[in-house]
Amino acid sequence: MNILLTGGVGYIGSHTAVVLAQAGHQIVLFDNLCNSLKETVSRLEKIIGSSIVFVEGDVRNTELLITVLQEYQIDSVIHFAGLKAVGESVANPVLYFSNNVQGTISLLQAMQATQVNSLVFSSSATVYGEPVYLPYDEEHPTNPINPYGDTKLQVEIMLRDLANSNPDWKIACLRYFNPVGAHESGLIGDDPSGTPGNLMPYLARVATGQLECLSVFGNDYETRDGTGERDYIHVMDLAEGHMAALSFLNAHAGFHVVNLGTGKSTSVLECVNEFEKASNKKIALRFAPRRDGDLPIYFAKADLAKHKLGWTADRSVSEMCSSAWKFQSSQSKQ
Ligand SMILES: NC(=O)c1ccc[n+]([C@@H]2O[C@H](COP(=O)([O-])OP(=O)(O)OC[C@H]3O[C@@H](n4cnc5c(N)ncnc54)[C@H](O)[C@@H]3O)[C@@H](O)[C@H]2O)c1
């Protein structure tokens, strides 16, 4: 298949590109590089062992997307492009609605104009909001607690309505839990600019000495050890989940919402412990007060992905930490 990956140079997109290319698909990466580096494209070429088509552009440029969809005879689109920093979305909601919602409208207009009707969308567990029960299954009420989550839910609603309007559409919304880790080569990984907002890249930078100390926000939650628990999923498992979703869509039209998680939660302290083992470094940490808006614990019910897509996330937290460390330690040597 010919597959367009919007935001394909970013963290999850680049790992998915490897999985798709190695399975023999033709991939086209489309990205405005607002949160990624062009060098990732050459690193991907090194991993895959062949050249990659990369188009620099913004998904809000509908005309450019139409040209790309036509020129490369695209069969399916995976729409990763978007902004994802919760705090920034609170400070600048218009930026988030413009990028994430307007960007998707532009993509859908381009797809309609070119009759490309197969789409996988990067949604998020953030759409669920405060847990009414756990694990979150796909029927759990949606009630996001920040503008980032609002943009994801709005796009989901639009996609549902689009699929209802025309039975030809094949749409999968994948609700990711907490992607971490890196490709085994150590060439690509999660490399946020500035101070990382997520646990794993933060841990990795404490381990290399780039950051002094990990602040653990809250150690008095009602969890196994008092620290927050999340459903961490290896980014390569997540990448394989996209390929499973594309295969599923080949045979099933309509609108499908599926969680991509492991179904298990890991605490901050358990992650620190695994990371220390993987890196053979002691991680300095201090306990800090709980942060507003942080949920104590959440994790996925992962059964639907297994039944519908024939996919499960099998890599361990230890593999997540060792691959993240391999990537971060090789980055710091450069
Ligand atoms: N990483 C996570 O924890 C997580 C969790 C749930 C959902 N998601 C979603 O998955 C998707 C990919 O996330 P990621 O972690 O790879 O993020 P990322 O920032 O690494 O990748 C996103 C890519 O999209 C590009 N981009 C952003 N706006 C664009 C635009 N208007 N036009 C073209 N390119 C644009 C960026 O340059 C970047 O390369 C996002 O939509 C994100 O919201 C991520």
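The values are calculated or read from the model by the stated rules, or taken from the named source; none is laboratory data. Keep in mind the model is a prediction, meaning the values are calculated, not measured. Every residue, glycine among them, receives a Cβ derived from its backbone with ideal geometry; neighbour counts consider all protein chains shown. Surface areas here come from the heavy atoms of the whole protein model, side chains and all, with no ligands, DNA or RNA. Shrake-Rupley method; radii C 1.70, N 1.55, O 1.52, S 1.80 Å.
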Span from the region 163-204 Cα centroid across to the region 228-260 one, whole angstrom: 11 Å
Placed amide H near Leu214: partners under 5 Å, 5+ positions off or other chain: Ala284, Leu285, Arg286
Interchain or long-range residues, amide H under 5 Å from Cys173's placed H: Phe121, His256, Val257, Val258
Mean Cβ count within 10 Å, highest first, over the residues of peptides 114-122, 8-16: 8-16, 114-122
Filtered trypsin sites (Lys or Arg not before Pro), region 1-106: DSSP coil and at most 13 other beta carbons within 10 Å: Lys38
Residue-level accessible surface for Met200, protein heavy atoms, 1.4 Å, Å²: 10 Å²
Per-peptide average of other Cβ atoms within 10 Å, ordering 246-258, 24-36 highest first: 24-36, 246-258
Angle in degrees between helix 235-251 and the longest Cα principal axis of the chain, rounded to the nearest 10: 30 degrees
Surface accessible to a 1.4 Å probe, Glu39 within the full protein complex, Å²: 90 Å²
Highest to lowest packing among 158-171, 298-311, scored as the average C-beta count within 10 Å: 298-311, 158-171
Solvent-accessible ranking of Cys321, Cys213, largest area first, probe 1.4 Å: Cys213, Cys321
Table column - 3J(HN,Hα) (Hz), region 41-51, Karplus curve with 6.51, -1.76, 1.60, x for Gly and Pro: 5, 5, 5, 5, 4, 5, 5, 7, x, 8, 7
Derived scalar couplings ³J(HN,Hα) [region 7-18; Karplus, 6.51 cos²θ - 1.76 cosθ + 1.60; whole Hz; x for Gly, Pro]: x, x, 8, x, 4, 6, x, 5, 5, 5, 4, 4
Karplus-derived HN-Hα couplings along region 142-148 (A = 6.51, B = -1.76, C = 1.60, θ = phi - 60°), whole Hz, x at Gly and Pro: 9, 7, x, 10, 8, x, 4
Residues whose placed amide H lies under 5 Å from that of Val55, excluding near-sequence neighbours: Leu29, Phe30, Asp31
Inter-probe distance in nm under a simple model that places probes 7 Å from Cα toward Cβ, at Val53 and Ala85: 3.3 nm
Sites Lys277 and Lys306 - FRET efficiency at Förster radius 22 Å, r taken between beta-carbons, to 0.05: 0.15
Most to least accessible of Leu211, Leu134 (protein chains only, probe 1.4 Å): Leu134, Leu211
Computed [θ] at 222 nm, deg cm²/dmol, the chain (DSSP H ≥ 4; -39,500 (n - 2.57); rounded to nearest 500): -12000 deg cm²/dmol
Rounded D (µm²/s) - the chain, Kirkwood Rh over Cα pairs, Stokes-Einstein at 4 °C, 1.567 mPa s: 64 µm²/s
Rule-of-thumb Rg ratio for region 38-178 [Cα; 2.2 N^0.38 Å; N residues]: 1.14
Sparse-neighbourhood loop sites, GluC sites (Glu not before Pro) in region 179-223 - DSSP loop, at most 12 other Cβ within 10 angstrom: Glu212, Glu222
Part-to-part distance (alpha-carbon centres) for region 1-31 and region 107-129, which is given in Å: 15 Å
